[in-house]
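The values are calculated or read from the model by the stated rules, or taken from the named source; none is laboratory data. If you're wondering where the values come from, they're calculated on a predicted model, not measured in any experiment. Glycine gets a Cβ as well: all are built from the backbone with ideal geometry, and neighbour counts include every protein chain shown. Surface accessibility is based on the protein's heavy atoms, side chains included, excluding ligands, DNA and RNA. Shrake-Rupley method; radii C 1.70, N 1.55, O 1.52, S 1.80 Å.
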Amino acid sequence: MIEIRNYERQDAPVTWDLKFQTIRNINIRDYSAEHVAAWAPANIDADAWLKRVNEMKPFIAEINGQVVGFADLQKDGYIDHFFCHADYQGIGVGRALMAHIFAVGSEKGVSHYYSAVSITARPFFERFGFRVVKEQQMEVNGLLLSNFLMEKLVSQ
């Protein structure tokens, strides 16, 4: 059973590792080795990640106490991070996180969700009603990576 809970400070290292492993093992299908190395560098500044994830306050998905995904929702409807563990793809982790995001967003009156979505994640976001606003290039550690600005409008 997938459980969703709020982020706790001690989740910082496991969220980085999950992001790193997912980019290196899943996103490699759609990006070059050079791109994934820039996006998920082997040497991370742990203090910088701690600061970022503490500010982001993601939701944590767990199965039997193991962190298998995380995603956030900012006040303005922006989803900054959305990652499912490389070994737990296709079993409902992303679906559970997205349902939680929509439930929290509904409670907070969010009517516009948006995110910079990887090539890999685009079909997943489309299944939840997001549409591509534009294809874009984002600079990540000195390299340009292609992704999509996607949005979902919700009538309230």
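General remarks:
- Looking only at segment 107-119, and only at residues there that are hydroxyl-bearing (Ser, Thr, Tyr) and open to solvent by 40 Å² or more (accessible area, probe 1.4 Å), the one that is nearest to Ser155 (Cα to Cα): Ser111
- All positions within segment 26-50 that are part of a helix (DSSP H, G or I), among the hydrophobic types (A, V, I, L, M, F, W, C) and exposed (fewer than 14 other Cβ atoms within 10 Å of the Cβ): Ala33, Ala46, Ala48
- Remark: pairs (first residue in segment 128-139, without any contact (Cβ under 8 Å) to a residue 40 or more places away in the chain; second residue surrounded by 13 or more Cβ atoms within 10 Å (Cβ to Cβ) and among the acidic types (Asp, Glu); Cβ separation under 9 Å; 6+ apart in sequence or on different chains) = Phe130/Glu151; Arg131/Glu151; Val132/Glu126; Val132/Glu151; Val133/Glu151.
- The conditions of being in contact (Cβ under 8 Å) with a residue 12 or more places away in the chain, within 20 Å of Ile23 (Cβ to Cβ), touching a strand residue (DSSP E or B) at 6+ places or on another chain (Cβ under 8 Å) and not in a loop (DSSP other than H, G, I, E, B) are not met by Val53.
- Within segment 75-107, being free of Cβ contacts under 8 Å to residues at least 12 places away in the same chain and closer than 18 Å to Ser118 by Cβ holds for Gly90, Arg95.
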